[in-house]
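This report concerns only the one structure given below.
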Amino acid sequence: MPRVRTGGKSLPVRIFYRPGSVIFSMGLALAGPMALMPVPAAAQAAQLKPNDQSLGDFYRARGGAPLWLARQSGSAAQLLLQRLDSAHVDGLDPRKYHAPELDRALQAAWGGKPKAVDRADRMLSQAFADYVNDLRRVPNSETYFVDRELAPHPRNARVWLDQAAAAPSLEKFITDMGWMNPLYAQLRQALADRSYGDDHQRRLLWLNLQRARTLPGGQGRYIVVNAAAQRLYAYENGRVADSMNVVVGKPIYPTPMMAALIRFANLNPYWYVPPDLAAERIAPNVVKMGLGYLKSRGYEVVSDFSDNPQILDPATVDWKAVADHKAEVWVRQLPGPHNSMGRMKFMFPNREGVYLHDTPEKELLSEASRLFSGGCVRLEDASRLGEWLFGRHLEWQGAGTEERVDLDRPVPVYITYLTAVPDNGTVAFYDDIYKRDAARLAGEPVGAGSAAAAP
């Protein structure tokens, strides 16, 4: 739980909000970095767009049956209107969705005339698809998308309408924003309900709402690592199936915000020590304790980080020059019980050299603040996560050195940085450990950052 110091005491910070309330037009004023997204003049002047082909296909597949005005849909139409009318909470302009015209069309449809019902239902479907597609556009994201298909993007209107039609309850689908990640819907509710103590917290809620837009919705399997909370969550069927503590990067080696596909595991891995960390962690100890330090820790000097490098004599290395950052050395640590990767690591190849991995330093996972790595994510229970990923226990005993085990179907992992998080009806605010909030709120650009390929 995040804490704040008051008068020498450490107290948790929680902001309460009403998770079940219905959003009407809130009139929430957003200033500075939270200003409304501009709407092109042509869009402001346009009337409702004619039904595109996908919209027509959707209704033809239903035999012309209404979606929003069907008997079983309850108050879904009104809930959608309320959601569109409060689109400013998302940073969108409600005028784009023509709520007054939708309201008039609904009023005309109450008489039950088939033509009026069909017109109102199609107008609602078009506005819904437009709204969802606008939410799935994430310009200037802080996240580095290793696999581009994981980036949120607009889709054919029929994709969203089919998803809505398949929901067990259309009312609940609209209320919970079933097309977005659950964290987004809850943060939006907190912001709409003005559940913040001051303007700074309001701005933090907004900033984290935008970060949550990059997270997936739907029912698939994926992993979310929140570096700010130092916690991992495994999602399945729209719910958290498992969670665990993790260790993330030190402030000088921040774990980057990124999205990628976990493609394989390595059992009994080597640790390939980045040259900057070799200078920081290894060289000073060699200078102090001699070459025996390398042997006792299972380190060997190699020509490069290829699959079959040449093993070099460590006596030929000027370790003092390495410690002084005047020379570089390539070091890897042999597999074994003391290897910094532990017994397994989960790989999503990326330019940052970041991955999820086991660790022999289990005691660090119980620390309140778990900022000890060089950028990678150390797992509380790598075996348990491996079993969830692969559907079976990964046997590292007897496995060969750096043995690769491929996933039948890659699983997305989203490493994010949420400093405001819904928590059982409250919003918990976490420390800005990497100063990303401060930079964003000051109007400075903040990128995905970088991290060494370090545990």
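Here are the numbers:
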| item | result |
| --- | --- |
| Set K345, K320: member being of a type outside the set (D, E) and touching a helix residue (DSSP H, G or I) at 6+ places or on another chain (Cβ under 7 Å) | K320 |
| Pair list, Cβ under 7 Å, 6 or more apart: the range 94-116 residue more than 14 Å from Q78 (Cβ to Cβ), other residue at pLDDT 95 or above and among the aromatic types (F, W, Y) | Y97/Y131 |
| Residue check, S383 under 26 Å from R263 (Cβ atoms) and either touching an Asp or Glu at 6+ places or on another chain (Cβ under 6 Å) or in the same structural domain as P410 (by TED's automatic domain parsing) (or both) | yes |
| Any hit, the range 198-209, residues being surrounded by fewer than 20 Cβ atoms within 10 Å (Cβ to Cβ), among the polar types (S, T, N, Q), at pLDDT 90 or above and part of a helix (DSSP H, G or I) | yes |
| Unmet criterion (only one of (1) out of contact with any Gly (no Cβ under 8 Å at 6 or more places or on another chain); (2) in contact (Cβ under 8 Å) with a residue 12 or more places away in the chain; (3) in a loop (DSSP other than H, G, I, E, B); (4) farther than 23 Å from T401 by Cα) for L365 | (3) |
| Hits in the range 250-264 - residues which are within 18 Å of A382 (Cβ to Cβ) and within 17 Å of the chain's Cα centre (by Cα) | T255, A260, I262 |
| Test: residue in the range 342-355 that is assigned to a loop (DSSP other than H, G, I, E, B) and among the acidic types (D, E) | yes |
| Selection count, the range 368-393, where residues are closer than 19 Å to R221 by Cα and in contact with a Gly (Cβ under 7 Å, 6 or more places away or on another chain) | 1 |
| All positions within the range 66-81 that are at pLDDT below 95 and in contact with a Phe, Trp or Tyr (Cβ under 9 Å, 6 or more places away or on another chain) | none |
| Only one of V132, V138 that is under 18 Å from A166 (Cβ atoms) and within 26 Å of the chain's Cα centre (by Cα) | V132 |
| Residues being within 33 Å of the chain's Cα centre (by Cα) and either among the acidic types (D, E) or crowded, with 21+ Cβ neighbours inside 10 Å (or both) - total across the range 90-120 | 3 |
| Subset of the range 202-232 (residues that are of a type in the set (A, V, I, L, M, F, W, C) and out of contact with any Phe, Trp or Tyr (no Cβ under 9 Å at 6 or more places or on another chain)) | W206, L207, L232 |
| Subset of the range 396-430 that is acidic (D, E) and in contact (Cβ under 8 Å) with a residue 60 or more places away in the chain - its residue that is surrounded by the fewest Cβ atoms within 10 Å (Cβ to Cβ) | D406 |
| Residue under evaluation A228, criteria (1) surrounded by fewer than 19 Cβ atoms within 10 Å (Cβ to Cβ); (2) under 16 Å from V427 (Cα atoms); (3) aliphatic (A, V, I, L, M), criterion not met | (1) |
| Number of positions in the range 378-429 that are in a loop (DSSP other than H, G, I, E, B) and among the polar types (S, T, N, Q) | 4 |
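Here is a yes/no grid of residues against (1) under 30 Å from F390 (Cβ atoms); (2) touching a strand residue (DSSP E or B) at 6+ places or on another chain (Cβ under 6 Å); (3) surrounded by 13 or more Cβ atoms within 10 Å (Cβ to Cβ); (4) modelled with pLDDT of 90 or more:
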residue	(1), (2), (3), (4)
E236	yes, no, yes, yes
V247	yes, yes, yes, yes
P251	no, no, no, yes
A259	yes, yes, yes, yes
D276	no, no, yes, no
M289	no, no, no, yes
L294	no, no, yes, yes
F305	yes, yes, yes, no
L312	no, yes, yes, yes
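Okay, residues lined up against (1) within 20 Å of the chain's Cα centre (by Cα); (2) more than 21 Å from D242 (Cα to Cα); (3) among the hydrophobic types (A, V, I, L, M, F, W, C):
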{"position": "F346", "(1), (2), (3)": "yes, no, yes"}
{"position": "T359", "(1), (2), (3)": "no, no, no"}
{"position": "E367", "(1), (2), (3)": "no, no, no"}
{"position": "R370", "(1), (2), (3)": "yes, no, no"}
{"position": "D381", "(1), (2), (3)": "no, no, no"}
{"position": "R404", "(1), (2), (3)": "no, yes, no"}
{"position": "V411", "(1), (2), (3)": "yes, no, yes"}
{"position": "D423", "(1), (2), (3)": "yes, no, no"}
{"position": "A428", "(1), (2), (3)": "yes, no, yes"}
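The values are calculated or read from the model by the stated rules, or taken from the named source; none is laboratory data. These numbers come from a predicted model, not from an experiment. Methodologically, a virtual Cβ is constructed for each residue, glycine included, from the backbone with ideal geometry; neighbour enumeration extends over all protein chains shown.
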